[in-house]
Amino acid sequence: MVCNTGVGLTPLVDGQVHHFQARGLYNGLFLMWDEESGTYWNHITGEALYGPLAGTRLELANVLHTTPAQSLAEDEQTRIAVSGQSPRRRRGGRSWVDRVPVLRGMFRSTIDEEDDRRPTMDIGLGIWGDSVARYYALDIVVENDAVVIDSFAGRRLLVFVEPSANVLWAQYTSADSAWWEGKDLRLSNGELIHQGVTYDNEGERVPAERPLQVFTRWYGFALTFPHTEVFQAPENR
Amino acid sequence: MNLAYNVFRSVVATLFLTALLPRVGYAQADSVPRVPGFDVNRAMLRDRSRFTPFVVEESQLLSEALGQGVVDDDTPILVVERGGERLALITREMTFHHVAQGEMAGEPWMVSF
């Protein structure tokens, strides 16, 4: 989708599987619709917006933007589902980060008022919890040597550019600083992130704990979380 | 310029919604339950989807797909996890489907994009 927002959801309502499809637009984002109830849903928050189930929420999970090389480094047993359907037949091509699409009028007509703290199609990582949301612009993280240590929901948070996919990831950490050793990220607590996988100082894998996050366009995140904070580089705080 | 654009946008949206609402069965849209703040007059509610959801019934090892040239090392993918299992979806295919869903490790899952 033009907003670039991938989200994992559990399609269960009262213990029953519902079947979803994209059907509609609101705030420049597509709306999901379920066959069982005919309700329209927000595809980022999993909240039923309009229809019989309005107010119901689906359980959320992270979906990571990555590459086969990185995913296999994480787990050799990773599987893939291929539909063979695509609006673009060309394989590979430019990453989402390199594209600069324009938000067309059809999308804009569903938006009341944009949040102009960042450019409409700016790309970054949005994270959120129960009471707070924050947006990390890719440009700002890149200018900060592609790694930031911040605090979120009372915990220390590592936000970095994952080199193989050139996207932002965030995970909780106990480190208070981090630096690059080639394409590996070394943390001050002795851990090393290699191909997106975290290892401790004895080379054992450490499971990454991540807040809910989406690699997304600014307009969609800001309209979904109107009170979102915007991360500022330390010198601008 | 902005005023003219906004007026044009409102007219187009109103005409579109006026034509669409009866077809989606919401002629009495005011009675449809909604969450506070949802403005149905701004929403485009389709009577059918232009996009076919991806109902995932089979998969293969990513390493095999890589060996067969189905994907490259650097093909953008989206990875979802359930019950300790991981499933990749090709990002460009998700720009066609927007929704994929299936079952993994005995648990239902869905990805929206």
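Rounded to the nearest 0.05, what FRET efficiency is calculated for residue A:206 and residue A:113 with R0 set to 45 Å and r the Cβ-Cβ distance? Working shown, then result.
Numbers: r = 43 Å, r/R0 = 0.96.
It comes out at approximately 0.55.
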Rounded to the nearest Å, what's the spacing between the alpha carbon centres of segment A:130-168 and segment A:14-59? Just the number, please.
29 Å
Euclidean distance between Cα centres, segment A:216-231 to segment B:48-67, Å
30 Å
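Set the Förster distance to 51 Å, then compute FRET efficiency between residue A:199 and residue B:55 from the Cβ-Cβ distance, nearest 0.05. Each step should come with its number before you reach the end.
On the way: r = 37 Å, r/R0 = 0.73.
Efficiency at R0 = 51 Å is approximately 0.85.
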Please give the charge dipole size of the protein assembly as shown, origin at the Cα centre, charges +1 on K and R Cβ atoms and -1 on D and E Cβ atoms. Round to the nearest 20 debye.
1580 debye
So how do A:164, A:174 line up by other beta-carbon neighbours within 10 Å, fewest first?
A:174, A:164
Quick one: grab the alpha carbon gyration tensor of segment A:131-237, order the square roots of its eigenvalues as a ≥ b ≥ c, and give me rounded if a/c is under 1.5, else prolate or oblate depending on whether a/b is larger than b/c.
prolate
The ³J(HN,Hα) series, computed from each phi in segment B:80-92 with the Karplus coefficients 6.51, -1.76 and 1.60 at θ = phi - 60°, rounded to the nearest Hz and given as x for glycine or proline, is 10, 10, 8, x, x, 9, 10, 10, 9, 10, 7, 4, 5
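Please get the size of the charge dipole for segment A:140-237, origin at its Cα centre, with Cβ charges of +1 on Lys and Arg and -1 on Asp and Glu, quoted in debye to the nearest 20. If you can, show how the numbers build up before the last one.
Numbers: 8 positive and 14 negative charges, 75 e Å.
Approximately 360 debye in magnitude.
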Averaging 1/r across every pair of distinct alpha carbons in chain A and inverting yields a Kirkwood hydrodynamic radius, in angstrom, of 19.3 Å
Name the residue farthest towards the positive end of the dipole of the protein assembly as shown from the options A:180, A:123, B:77, assuming +1 on Cβ of Lys and Arg, -1 on Cβ of Asp and Glu, about the Cα centre.
A:123
Non-local residues with an amide H under 5 Å from the amide H of residue A:56, with H modelled 1.01 Å from N and Pro and chain starts lacking one, are A:48
Gyration tensor on Cα atoms of segment B:54-112, a ≥ b ≥ c root eigenvalues, a/c under 1.5 rounded, else prolate if a/b beats b/c, else oblate, says oblate
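Just so you know, all these numbers are worked out from the coordinates, no wet-lab data involved. The shown structure was predicted, so the numbers you read here are calculated from the model rather than taken from an experiment. As a convention, Cβ positions derive from the backbone with ideal geometry for all residues, glycine included, and neighbour counts pool all protein chains shown.
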